[in-house]
Amino acid sequence: MVNSSKHPETIALHGGSYRKDNTTNSVAVPIYQTTSYQFNSQEHAANLFSLKELGNIYTRIMNPTTAVLEERIAQLEGGLAAVAVSSGQAASAFAVQNLCRAGDNIVSSTDLYGGTWNQFENTFKQLGIEVRFADPTDPDSFAKLSDEKTRGYYAETLPNPKLHVFPIEEVAAIGKKLGIPLIVDNTAAPITCKPIKHGAAVVVHSLTKWIGGHGTSIGGIIVDGGNFDWTQFPERQPLYNEPEPSYWDWVLGKVVPEVLGANVTFAVRARFVLLRDLGAALSPTNAFNIIQGLETLPLRFKQHQDNAEKVADYLSNKKGVTKVIHPKYQQGINKERAEKYLEDGSGPLVGFELSGGLDAGKKFIDNLQLLYHVANIGDARSLAIHPASTTHSQLNAEDQLRSGVTPGYIRLSVGIEHIDDILNDINQSLEKT
Ligand code: PLP
């Protein structure tokens, strides 16, 4: 039975087709720590390789533990299929490489996680894929930067440090008219934002963050919304409309929906071409660890968001804090977008600026006792960092400001501890700062 609930609390535990292990009746998802799978016959093997039948071939391409994770996340995001990969970085790389060959380009929002920025600006450039950076506050800038070689748009739902929610519907609509799919990194807004509902074609996550939730395992995932017509503008998407040399010259945009009866073409290409050839597979043990996190994500994420809002409220009245950065405290169009797209809580991240600038920022971090000082977000524990002296320290002052980092900016990934303990720690550290 496939559980068809629309409720995240139920999907996290029952989503997809897994009910029990068919051999042992195990309720918990087993870790299938295997590389390969015995074929029933030569014909069975041939059918699997030609996609006439779907089944396990080799763990670089698919695995039964990982499949449970993929089905649940696809359902949670309202997509048709998902492909898990070894990290969030691999998810963004594969999502773009699933559209672009050398000589092609994508248009991306400027407001990105630093690792994604580097991947786009430097590594993709070396591979011959150009990334053009657009102003996320102005949806039309995506259209202006597009040309006949533009294969995709890319953005994050809730990028830090600015925490300005991306105009998903507006940019997805621009892309749809041109045959350009929008990829959204929804890492910081699982459950509360559903990009596919707003027109995104593909969602990616770093599973390392809130979904895994305990700071134990690196992973990523690509969700195929199943809502994009890959064949409407054949010249726009050559990878889906020209013969695929590594699959008997199939035209994937036509053959995949015909053979599988569903528009899961993007996921199929990510799995059977990119995972097969580039190999960034998630380990079954990490898939299991991340499933443990996923099963309580709805409950935890509520507490993350509630605590984050309380921290933002607290800081908004605090002497020495000149600005609070949180969707609730934004103005104008940014506030409107936060209200439109964040439907079930305003996110787990809070930024704030200290009047004492760089020195105060460093001192605040050194005085923390409960909050961890790490370059991560999305752990169950509360985390803090001073971007100007760490994650953004390679940028000059002007570029730091452009990216939203002032000298006294502190980023908090608010955890699920009791709110009194989080506030007490922030308070005692501010008093010493
Ligand atoms: N996307 C976002 C928004 C992130 O914050 C991160 C990591 O911090 C990534 C992607 C990359 O994820 P991973 O560290 O799992 O490769």
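Checking the stated criteria, H198 turns out not to satisfy the condition of being open to solvent by less than 10 Å² (accessible area, probe 1.4 Å), over 18 Å from N105 (Cβ atoms) and at pLDDT 95 or above. Of all residues in the stretch 351-372, one or more are closer than 27 Å to D138 by Cα and either touching a residue at least 60 places away in the same chain (Cβ under 8 Å) or part of a loop (DSSP other than H, G, I, E, B) (or both).
Applying the set (1) surrounded by fewer than 18 Cβ atoms within 10 Å (Cβ to Cβ); (2) within 16 Å of the ligand (Cβ to nearest atom) to L127 leaves exactly one unmet item: (2).
Identification of helices (runs of 4 or more DSSP H) wholly contained in the stretch 234-345 with 1 or more residues that are farther than 30 Å from C100 by Cα yields 284-316, 332-341.
For the stretch 43-60, the condition holds for at least one residue, the condition being that it is in contact with a Gly (Cβ under 9 Å, 6 or more places away or on another chain) and either within 16 Å of the ligand (Cβ to nearest atom) or in a loop (DSSP other than H, G, I, E, B) (or both). Of the residues making up the stretch 373-382, those that are outside any strand (DSSP E or B) and open to solvent by 30 Å² or more (accessible area, probe 1.4 Å) number 4. Looking at R337, R402, just one residue is open to solvent by 10 Å² or more (accessible area, probe 1.4 Å), of a type outside the set (V, I, T) and within 21 Å of H304 (Cβ to Cβ), and that residue is R337. Could you please find all residues in the stretch 178-195 being within 9 Å of the ligand (Cβ to nearest atom) and either surrounded by fewer than 24 Cβ atoms within 10 Å (Cβ to Cβ) or among the polar types (S, T, N, Q) (or both)? Across the stretch 178-195, the qualifying residues are N186, T187. Would you please name the residue that is farthest from P64 (Cα to Cα), looking only at residues in the stretch 3-50 that are touching a helix residue (DSSP H, G or I) at 6+ places or on another chain (Cβ under 8 Å) and of a type in the set (V, I, T)? The extreme case among them is I11. Looking at the stretch 157-165, can you tell me whether even one residue there is hydrophobic (A, V, I, L, M, F, W, C) and more than 16 Å from the ligand (Cβ to nearest atom)? No, the conditions are met nowhere in the stretch 157-165.
With respect to D359, determine if the residue is open to solvent by 50 Å² or more (accessible area, probe 1.4 Å) and more than 29 Å from H205 (Cα to Cα). The answer is yes for D359.
Set side by side, the residues G213, G279, G253 differ, and just one is within 16 Å of the ligand (Cβ to nearest atom) and open to solvent by less than 20 Å² (accessible area, probe 1.4 Å), which is G213. Scanning the stretch 166-177 for residues that are among the aliphatic types (A, V, I, L, M) and within 16 Å of the ligand (Cβ to nearest atom) yields a single hit, I168.
The values are calculated or read from the model by the stated rules, or taken from the named source; none is laboratory data. None of the values given here were measured: they were computed from a predicted structure. Every residue, glycine among them, receives a Cβ derived from its backbone with ideal geometry; neighbour counts consider all protein chains shown. We work out accessible area using only protein heavy atoms, side chains counted, and drop any ligands, DNA or RNA first. Shrake-Rupley method; radii C 1.70, N 1.55, O 1.52, S 1.80 Å.
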